[in-house]
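Visitor: Would you mind keeping the following structure in view while I ask a few things?
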Amino acid sequence: MAKVPSAVVAASGLVGGYGVARWTRQRPLGGVVLAVAGAAAARQWREQAGGVAAGALSAAYVAAFAGSHPLAKKVGAWPAVFGVAGAVAVASWVVADRRD
């Protein structure tokens, strides 16, 4: 079975977490999606690029989540979420996925 790239997992966690929180009106449920995808991506990052890279990418994932909130006030919620998800996906691909 083909492995889903960590860039896709991480971006999907950010977009999916926001989408679930928005559509269900249950922010904790969106947080669960965000956390599960983040943990899955972190595991892949550790396997593909090592612990230091996994730590840095995990920090970027959390920073993207946090940074999407003030960014949303300037550009709107969905553009902010897609923007930070794209940034994390690119970082993930550069650091971990392109090695495969």
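The values are calculated or read from the model by the stated rules, or taken from the named source; none is laboratory data. Computed from a predicted structure; not experimentally measured. For neighbour counting, all protein chains shown are included, and Cβ atoms are generated from backbone atoms with ideal geometry for every residue, glycine included. Just so you know, the surface numbers come from the protein's heavy atoms only, side chains and all, with ligands and any DNA or RNA stripped out. Shrake-Rupley method; radii C 1.70, N 1.55, O 1.52, S 1.80 Å.
Visitor: Evaluate the following for residue 52: is it out of contact with any Lys or Arg (no Cβ under 7 Å at 6 or more places or on another chain), modelled with pLDDT of 95 or more and either open to solvent by 80 Å² or more (accessible area, probe 1.4 Å) or charged (D, E, K, R) (or both)?
Guide: Taking the combined requirement at face value, the residue satisfies it.
Visitor: Further, regarding this structure: Output the residues belonging to segment 55-75 that are open to solvent by 70 Å² or more (accessible area, probe 1.4 Å) and within 10 Å of the chain's Cα centre (by Cα).
Guide: Those that are open to solvent by 70 Å² or more (accessible area, probe 1.4 Å) and within 10 Å of the chain's Cα centre (by Cα): 62, 65.
Visitor: Let me ask something additional. Taking residue 36, is it open to solvent by 20 Å² or more (accessible area, probe 1.4 Å), at negative phi and within 9 Å of the chain's Cα centre (by Cα)?
Guide: Taking the combined requirement at face value, the residue does not satisfy it.
Visitor: Do we have residue 85 as open to solvent by less than 60 Å² (accessible area, probe 1.4 Å), touching a helix residue (DSSP H, G or I) at 6+ places or on another chain (Cβ under 6 Å) and touching a residue at least 60 places away in the same chain (Cβ under 8 Å) here?
Guide: It is true that residue 85 is open to solvent by less than 60 Å² (accessible area, probe 1.4 Å), touching a helix residue (DSSP H, G or I) at 6+ places or on another chain (Cβ under 6 Å) and touching a residue at least 60 places away in the same chain (Cβ under 8 Å).
Visitor: For segment 3-38, name all the residues that are within 23 Å of residue 91 (Cα to Cα) and not in a helix (DSSP H, G or I).
Guide: 3, 4, 5
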